[in-house]
């Protein structure tokens, strides 16, 4: 169990990076940011599959390939495109907090049958209290609350929340059902599907290659694409697959709180601001919520 918890927490730390990456570079569209990250993920996955091909080669069946395509839209290209659009419209903090409710939804929808509801209540209450405290903070949402597109951003992040909640539950069920497929294999199959989807997305709606090449921040964009593609997609997916196989969906859901914690830390660091006492208290509540949930699942 400890290994699964550690894998889920590190995955959350890597995912937290994607909340600040869109703010670190200008001149690139939301589609460019999404495609860049997931083309990198696809490229890493292809390289890993070619490396593995030196040994016994394993090819997904038709149903496994279809599952990878569907999951890649829910958990990667579709989710991240919606999130990037939401961050552009509504800033970082409020979308981060809305995405932070994913643990609550996954815990509610993915509770094991043997686990009593009262066992989940402490973790749920602590997480909800942390979210409420952070939402009430004066800093939350101030960067974009006056934007004319603010509420459009809120709608987009709610759609992103629905996508990733579905992915978390369906991916956990898939991993438990297909124990012959290891975590790295599944991450690579997802990566290939995600990379192909990102390529189609860029060809249809991305900026022309000549326009991208003329951007002064192209080196930074490429660096962010590689960093988030390798770390926040490929490596984080392997770690999340390990957690999904070893832990129940409800406990995995609670571990997603670490994504919110790290995203807030990265956001405060990027803005050069210290959290307020209320925000510190909210982070403590998030941490206690994770600990309470781990205890409930033992």
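The values are calculated or read from the model by the stated rules, or taken from the named source; none is laboratory data. None of the values given here were measured: they were computed from a predicted structure. Positions of Cβ are generated from backbone atoms using ideal geometry, with glycine treated the same way; all protein chains shown enter the neighbour counts.
Quick check, is residue 164 buried (at least 21 other Cβ atoms within 10 Å of the Cβ) and more than 17 Å from the chain's Cα centre (by Cα)?
Judged against the criteria, residue 164 is not a match.
Run down 264, 212, 251, 220 and say which single residue is in contact with a helix residue (DSSP H, G or I) (Cβ under 7 Å, 6 or more places away or on another chain), in contact (Cβ under 8 Å) with a residue 12 or more places away in the chain and farther than 25 Å from residue 284 by Cα. Reasoning before the result, please.
Details: 264 fails: farther than 25 Å from residue 284 by Cα; 251 fails: farther than 25 Å from residue 284 by Cα; 220 fails: in contact with a helix residue (DSSP H, G or I) (Cβ under 7 Å, 6 or more places away or on another chain).
After applying the criteria, what remains is 212.
Got a number for residues in segment 28-64 being out of contact with any helix residue (DSSP H, G or I) (no Cβ under 6 Å at 6 or more places or on another chain) and at pLDDT below 85?
9
Picking from 280, 274, which residue would you name as being farther than 14 Å from residue 100 by Cβ, in a helix (DSSP H, G or I) and free of Cβ contacts under 8 Å to residues at least 24 places away in the same chain?
Criteria check complete, one pass: 280.
I'd like the residue in segment 156-185 that is part of a helix (DSSP H, G or I) and free of Cβ contacts under 8 Å to residues at least 60 places away in the same chain and, out of all such residues, is nearest to residue 113 (Cα to Cα).
In the first step, residues of segment 156-185 are kept if they are part of a helix (DSSP H, G or I); the result is 156-177, 183-185.
After this cut, where a residue has to be free of Cβ contacts under 8 Å to residues at least 60 places away in the same chain as well, the list is 162, 177.
Numbers: 162: 23, 177: 17 Å.
If we take residues in segment 156-185 being part of a helix (DSSP H, G or I) and free of Cβ contacts under 8 Å to residues at least 60 places away in the same chain, then 177 is nearest to residue 113 (Cα to Cα).
Against the condition surrounded by fewer than 22 Cβ atoms within 10 Å (Cβ to Cβ) and within 30 Å of residue 153 (Cα to Cα), how does residue 107 come out, does it pass?
Working: surrounded by fewer than 22 Cβ atoms within 10 Å (Cβ to Cβ): no; within 30 Å of residue 153 (Cα to Cα): yes.
For residue 107, the condition - surrounded by fewer than 22 Cβ atoms within 10 Å (Cβ to Cβ) and within 30 Å of residue 153 (Cα to Cα) - is not met.
Out of the helices (runs of 4 or more DSSP H) lying entirely within segment 199-249, which hold 3 or more residues that are at pLDDT 90 or above and closer than 20 Å to residue 4 by Cβ?
In segment 199-249, the matching helices (runs of 4 or more DSSP H) lie at 236-246.
Looking at 90, 65, 43, which one is more than 14 Å from the chain's Cα centre (by Cα), farther than 23 Å from residue 256 by Cβ, touching a residue at least 24 places away in the same chain (Cβ under 8 Å) and surrounded by 16 or more Cβ atoms within 10 Å (Cβ to Cβ)?
Testing whether each residue is more than 14 Å from the chain's Cα centre (by Cα), farther than 23 Å from residue 256 by Cβ, touching a residue at least 24 places away in the same chain (Cβ under 8 Å) and surrounded by 16 or more Cβ atoms within 10 Å (Cβ to Cβ) leaves just 43.
Determine if segment 270-282 includes at least one residue that is under 23 Å from residue 34 (Cβ atoms), within 20 Å of the chain's Cα centre (by Cα) and surrounded by fewer than 23 Cβ atoms within 10 Å (Cβ to Cβ).
yes
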